[in-house]
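Okay, so here's the structure we're looking at.
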Amino acid sequence: MLFGAPSHRVESQLNALAGVLHVDAQFIHFPGIVIASFGESETNLSQTHFVKSKTEIALGRLNELHALYKEVMSDKIPISDASVLLDEMFSKPPEWSNLSRILFSIIKCGMMAPINFGGSFVDIWISALFGGLLTFSQLCLAGNNQMFSNVFDIAVAILFSFVSRALSVKSVFCYEAIASSGLIGLLPGYAVLCASLELASKNMMTGSVRMVYAVIYSLFLGFAISIGSDLASSIGCYREPEWPWWRQSVPPVSKAATVPIFSFLSCLGHLLPLKTKEVPVSVFIACVGYAANMLANRYIFDRSDVVSAIGSFVIGILGNAYSRIYNATAFTAITVAVNFLVPSGMAMAGGLAMTYQGSDGDLYTNGLSLGFRMVQVSIGITTGLFVSAILVHMLGNKRSNAVLFAF
């Protein structure tokens with residue numbers, strides 16, 4: 001849980017490990033907590049432990065942990081040595097420093113503006129600034145203050161939306177581009193991924209909890225963006241054809257170079273070591289999934305759920321194929337791709353901070369619209385992953401069917 005392990009496999013892996021160690025135990029997993037009961041059924045005496053942990057995606061450490069788990073399961077290493085290695089793993093510093101992660105976020109958010117939200121050259125710089133401020137606040141401020149962390153997401157969304165709306169008064173900056181790109185770090189992509197895998201694995205309780213959380217969280221985020229937007233007024237995102245190049249949308253051909261770079265930085269931002277085979281694999285799957293998303297959106301209009309389903313289906317097939325061929329971890333390979341798919345799907349549905357034209361000619365934003373768009377994208381991603389899992393299940397052998405999108 002500490003390193004962001006796929007929650008739909010936690011119970012089954014703990015039960016398998018208990019069987020190998022000949023321990024009489026039962027486990028129940030909820031988001032953020034595992035209830036473990038140890039004892040003998042004959043005497044009806046047992047000890048119950050509640051194990052709680054925060055969650056932060058650390059794909060590199062997750063791979064190390066799973067490799068150690070497989071060695072213990074196959075009796076290649078004593079449990080005492082494995083315990084020592086676990087302590088060393090927990091005590092090691094993160095793969096990348098906070099300063100590096102802030103830099104990654106600056107570049108990623110700057111690239112997201114032209115990739116998904118039609119931003120111009122000047123929008124890139126404001127989006128990059130927002131991304132750096134958001135990551136700095138998450139790493140250095142929110143974690144150190146419990147009261148601030150509870151209202152952090154809402155406060156940042158209001159502030160960024162207000163500043164974006166104020167900057168767009170003269171039509172130099174595009175409100176939708178800079179507000180949406182600067183806030184992509186708040187999108188619940190990981191929650192949607194875990195919820196999709198849990199629902200596909202028939203773990204209805206934890207899957208439903210995570211999916212409902214992702215949708216309700218998006219509603220809070222949408223209302224915060226609306227509040228920030230209503231505090232300032234502008235004419236929205238508008239560009240004249242005769243304006244100079246730096247005020248126009250970036251040409252679509254530039255995405256061919258920016259998408260791989262964005263995916264690569266996302267791998268590093270998820271604490272994946274640079275010199276691992278998972279980095280190029282994750283970048284490749286993310287690029288193919290994005291290309292499938294863009295191609296589907298070109299021919300299927302106003303159906304972000306269908307478009308997201310096509311992209312996630314391609315990602316699921318590639319992730320399972322990589323896992324089967326190379327005996328690797330599919331979850332590590334598809335995490336970056338699905339997290340990239342969430343803002344892409346939101347862009348297809350209108351963006352995070354879409355401005356609407358009312359019947360009376362006034363511009364306004366609707367806080368509920370973001371929640372509705374997240375529902376569409378979540379349904380599409382879940383359906384795509386579920387259908388790809390069924391296809392792999394039908395074509396695969398019995399042994400490989402036991403592992404679904406994960407370790």
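The values are calculated or read from the model by the stated rules, or taken from the named source; none is laboratory data. Quick caveat, the model's predicted, so the values are computed rather than measured. Reconstructed Cβ throughout: ideal geometry from the backbone, glycine too, with neighbour counts over all protein chains shown.
If you go through segment 189-211 and keep only what is basic (K, R) and in contact with a helix residue (DSSP H, G or I) (Cβ under 6 Å, 6 or more places away or on another chain), you end up with just R210.
Taken together, I381, I300, I325, I317 contain a single residue that is among the β-branched types (V, I, T), in the same structural domain as P114 (by TED's automatic domain parsing) and modelled with pLDDT of 85 or more, which is I317.
The set of residues in segment 45-55 that are more than 26 Å from S208 (Cβ to Cβ) and either assigned by TED's automatic domain parsing to the domain that holds A191 or surrounded by fewer than 12 Cβ atoms within 10 Å (Cβ to Cβ) (or both) comprises L45, Q47.
In segment 1-44, of all residues being over 27 Å from the mean Cα position of the chain (by Cα), part of a strand (DSSP E or B) and of a type outside the set (G, A, S), the one that is surrounded by the fewest Cβ atoms within 10 Å (Cβ to Cβ) corresponds to E40. Note on segment 328-345: residues that are at pLDDT below 80, touching a His at 6+ places or on another chain (Cβ under 8 Å) and among the aliphatic types (A, V, I, L, M) amount to 0. Going through (1) over 30 Å from R324 (Cβ atoms); (2) out of contact with any strand residue (DSSP E or B) (no Cβ under 7 Å at 6 or more places or on another chain) one by one, P260 falls short only on (1).
Going by the conditions given, is L272 outside any helix (DSSP H, G or I) and in the same structural domain as I317 (by TED's automatic domain parsing)? In short, yes. Here V151, V172 are screened, and the one residue that is at pLDDT below 85 and not in a helix (DSSP H, G or I) is V172.
None of V84, V72 is of a type outside the set (G, A, S) and touching a residue at least 24 places away in the same chain (Cβ under 8 Å) except V72. Screening S168, S137, S127 for residues that are touching a Cys at 6+ places or on another chain (Cβ under 9 Å), free of Cβ contacts under 8 Å to residues at least 60 places away in the same chain and either among the polar types (S, T, N, Q) or over 23 Å from P252 (Cα atoms) (or both) leaves exactly one candidate, S127.
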